[in-house]
Amino acid sequence: MSFLSNEQLLAVFNLTKTATAIHVTEDAIIQTANDAMLQVWDKDRSVIGKSLADALPELKGQPFIDMFKRVWNEGLTISGKDTPADLIIDGKITTVYFDFEYRAIKDEDGKTICILHTATDVTDRFMGKEALIRMREKEEALEREQALNEELAASNEELAAINEEYLQIQESLSQLNEELERRIEIRTKDLADGLERELALNESQLRLNDELSTINEEMTASNEELLSTNEELAMVQERLNRKIYLLAESESRFRSLVEQSPVAIALFKSTDLLIEIVNDQMLQIWGKTADIKGKPLAIAMPELIGQPFIPILTDIFTTGETLFAYESKAAIIRDGELTDGYFNFICQPVKDDSGEIISVLQVVTEVTAQVKARLEVQKAEEIMRFAIDAAKLGVWHINTETNALIYNTTLADIFGYQGEENMSYEQAIAQVTEDYRDVINDEIQKAISGRGDYDITYSQRRFNDGELIWLRSLGKVTKDENGDFSTFSGFVMDVTESKKDEERKNDFIGMVSHELKTPLTSLNGYLQLLQNKAKKSNDTFTSGALEIAGKQVKKMTSMINGFLNISRLESGKIILNKSTFRLDELLRSTVEEAVVMDSDHSISFTRVDAIEIFADYDKISNVISNLLSNAIKYAPNSKDIEVTCQIADHTALISVRDEGMGINPEDTEKLFERYYRVENNHTISGFGIGLYLSAEIIERHNGKIWVESELGKGSTFYFNLPLA
Ligand code: ADP
């Protein structure tokens, strides 16, 4: 073990400005320590020469002694920041925070000769950084602070009183001292005056001794008093220190609370709005970095100049009122671009003990996304409203809670409703004409029970003038996430005009068909006359030509009949002339007729039961001949057609099967609609009314009509009717 020379020691020592000590050996024997270090340790010079463990036994169990060992043995430098150490200060274990360094100082051979130990007490800085408190504690802290202040004031007063006492004691002490000195002087003088005065002197000395012992007593008492005063002073001082520490802690807690808060918070000081505290959330909203701390808001965020926020915040220093703002729009530079945002915020004045406003606290929540979404919805609603108005659509919905009918003015206009009070659902339904009331109720019930939306065209009487109007109503029931009925709403369109157009068209078709029938009947008569004549004169060519002409006239007649029927159907003028007859016989005669018309196909009967029904003979005949003519028309390349007539499920069932082109499944549902024709069959003549009429006729007989088909393979059309 080699010790340093005094010069070396001093040189190392003088390098340090902070608390410094020099240790040797792996036990960190304190070779020297400056005053600052002794103060840190709260020890006196008696620790010099002791190992660190002996000098500061409280370090046992803490990592420092081991660190010294490593520094000595491995020649390292170990340093730390904000490191807590528990030291005995004023006889109490206290946690103090240090920035420290243990540096191995080596000789030329690289051997460690000592450890230079430097330390800075950073407890204050650390406490400033350390953050612990939640928002709610702020108030408590402030209250505590106030209580502390009051206590502090009381302590100060106490201190002042003690000081005064102390001064008084000191004064009386110095008086006593003066008196003492004066008497000693006199005594010395008296001694010099000679022996003759010895007696007198002795006497006076005795007196003096008495006096002295009284003074001594007095002094002892004063000293005791002084000691107790000192103790009291030390106590007061300690309390004071504690309070100052608590104050700092409270402030640092508040700071940390703000910094760690999940909501954006900033604290502005003075009317210049110096950004005293700002947390990351707020910096993010502002699109700024932490270097704006300490700057006035107008400099940190120049884009705010000309916007209302700076004056709003400044005003709070004068008004002292807390300000709440909702969805306030602000233009802020974020990512280098001036962008509009929407914010909810609270600005609250912060007052000191005297009630003076020292800063303003701002808490902000960004609501841009919500506001923008709402504005989008509003825009969409406006467009929708515009579209509804432009389309003259009546809109309604039923409030599920109150069952009230809510509607727009267009709907009231369409209905001709001028009542003061809101029209009720019952009132609206009462206007529907008799024929449709049940249909509407059924459709509504269907929609409510979740079986789809509805789309009905119906007639009703207008409220104001009783005029018959035609309406198309589309309704929809929406359910909430639990599947409960939540809204019932829809549109109403006035379709009276188009309905009237349709009626006019139907009337026209009916009239034309009717007019065409008379010349055709007469043409048919003459053709038959001519044919008889040609047959008699054995003119086979003329007779053959007349037969073809006759077939064409028949085709035309059946087409015209189709149109006539459609117009009758549409105007509700179709009447069933029911009678009891044999369906199988009707089928046979219709097939025979078809065979006469078309000799290319062969029609076979697979099964024919004798069945009696009660129905309109002509109309059922039309249905059968329509199915047969379709089977012929849509199977140009295959000859076989098969018909059946049988009892099935207590009904009379007829089927017509062909091996023709078949039907796409998408089309099968629509075949029975008016004027519907399959897209790519347009080379085959037709109007798309045959199946529509057939379906209407069968439906009016309480029967059913349907098709089974496979594309490219053929189709089978079925219909059934009740038995007689
Ligand atoms: P039209 O035959 O005058 O077009 P229909 O109402 O009788 O009118 O038939 C409607 C449509 O149904 C036809 O256009 C046709 O595309 C299809 N269709 C009807 N019968 C058959 C069938 N047997 N095979 C294939 N397609 C058929």
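The values are calculated or read from the model by the stated rules, or taken from the named source; none is laboratory data. Computed from a predicted structure; not experimentally measured. Virtual Cβ from ideal backbone geometry, glycine too; neighbours counted across all protein chains shown.
Brief remarks follow.
- Single residue of the stretch 570-620 satisfying the filter (modelled with pLDDT under 95 and polar (S, T, N, Q)) that is nearest to the chain's Cα centre (by Cα): 571
- The set of residues from the stretch 410-422 being in contact with a strand residue (DSSP E or B) (Cβ under 9 Å, 6 or more places away or on another chain) and without any contact (Cβ under 8 Å) to a residue 24 or more places away in the chain comprises 410, 412, 413, 422.
- Residues in the stretch 346-396 that are surrounded by 11 or more Cβ atoms within 10 Å (Cβ to Cβ) and among the hydroxyl-bearing types (Ser, Thr, Tyr) were compared, and the one that is farthest from residue 332 (Cα to Cα) is 359.
- Residue 559 at pLDDT below 90, over 60 Å from the mean Cα position of the chain (by Cα), surrounded by fewer than 17 Cβ atoms within 10 Å (Cβ to Cβ) and of a type in the set (A, V, I, L, M, F, W, C): no
- Residues being in a helix (DSSP H, G or I) and either polar (S, T, N, Q) or surrounded by fewer than 17 Cβ atoms within 10 Å (Cβ to Cβ) (or both) - total across the stretch 59-101: 5
- In the condition set (1) within 9 Å of the ligand (Cβ to nearest atom); (2) hydroxyl-bearing (Ser, Thr, Tyr); (3) under 25 Å from residue 595 (Cβ atoms); (4) at pLDDT below 95, residue 709 is compliant with all but (4).
- Some residue of the stretch 318-339 being loosely packed, with under 15 Cβ neighbours inside 10 Å, of a type in the set (Ser, Thr, Tyr) and part of a loop (DSSP other than H, G, I, E, B): yes
- Residue in the stretch 275-295 that is assigned to a strand (DSSP E or B), under 21 Å from residue 253 (Cβ atoms) and within 29 Å of the chain's Cα centre (by Cα) present: yes
- Number of positions in the stretch 484-505 that are free of Cβ contacts under 8 Å to residues at least 24 places away in the same chain and either assigned to a strand (DSSP E or B) or under 23 Å from residue 452 (Cα atoms) (or both): 1
- Filter result (within 11 Å of the ligand (Cβ to nearest atom), farther than 17 Å from residue 559 by Cβ and among the aliphatic types (A, V, I, L, M)) within the stretch 619-640: 631, 635
- Residues that are under 30 Å from residue 89 (Cβ atoms) and of a type in the set (Asp, Glu) were ranked within the stretch 238-283; the one that is modelled with the highest pLDDT is 238.
- Whichever residue in the stretch 212-237 is touching a helix residue (DSSP H, G or I) at 6+ places or on another chain (Cβ under 7 Å) and of a type outside the set (Val, Ile, Thr) and, among such residues, is modelled with the lowest pLDDT: 222
- Residue match in the stretch 694-701 (condition: in a loop (DSSP other than H, G, I, E, B), loosely packed, with under 13 Cβ neighbours inside 10 Å, more than 8 Å from the ligand (Cβ to nearest atom) and not acidic (Asp, Glu)): no
- Cβ-Cβ distances below 9 Å connect the following pairs, each with a first residue in the stretch 456-469 that is within 14 Å of residue 418 (Cα to Cα), a second residue that is among the aromatic types (Phe, Trp, Tyr) and surrounded by 11 or more Cβ atoms within 10 Å (Cβ to Cβ), and a separation of six or more residues or different chains: 462/415; 462/417; 463/415; 463/417; 464/415; 464/417.
- The residues of the stretch 657-692 that are in a helix (DSSP H, G or I), in contact (Cβ under 8 Å) with a residue 24 or more places away in the chain and either near the ligand (Cβ under 8 Å from one of its atoms) or in contact with a Lys or Arg (Cβ under 7 Å, 6 or more places away or on another chain) (or both), listed by number, are 671, 672, 681, 690, 691, 692.
- Filter result for the condition that a residue is away from the ligand (no atom under 15 Å from the Cβ), of a type in the set (Asp, Glu), more than 20 Å from residue 557 (Cβ to Cβ) and in contact with a helix residue (DSSP H, G or I) (Cβ under 7 Å, 6 or more places away or on another chain), over 609, 600: 609
- Close Cβ contacts (under 8 Å, 6 or more residues apart or on different chains) running from residues in the stretch 634-648 that are in a loop (DSSP other than H, G, I, E, B) to residues that are modelled with pLDDT of 90 or more and more than 15 Å from the ligand (Cβ to nearest atom) comprise 639/602.
- Verdict on residue 716 being closer than 18 Å to residue 661 by Cβ, within 9 Å of the ligand (Cβ to nearest atom), surrounded by fewer than 21 Cβ atoms within 10 Å (Cβ to Cβ) and hydroxyl-bearing (Ser, Thr, Tyr): yes
- Residue check, residue 444 surrounded by 15 or more Cβ atoms within 10 Å (Cβ to Cβ) and under 37 Å from the mean Cα position of the chain (by Cα): yes
- Screening residue 418 against (1) surrounded by 12 or more Cβ atoms within 10 Å (Cβ to Cβ); (2) farther than 30 Å from residue 277 by Cβ; (3) more than 32 Å from the chain's Cα centre (by Cα) leaves a single unmet condition, (1).
- Qualifying position, being in contact with a helix residue (DSSP H, G or I) (Cβ under 8 Å, 6 or more places away or on another chain) and either farther than 14 Å from residue 25 by Cα or of a type in the set (Gly, Ala, Ser) (or both), among 77, 112, 123: 77
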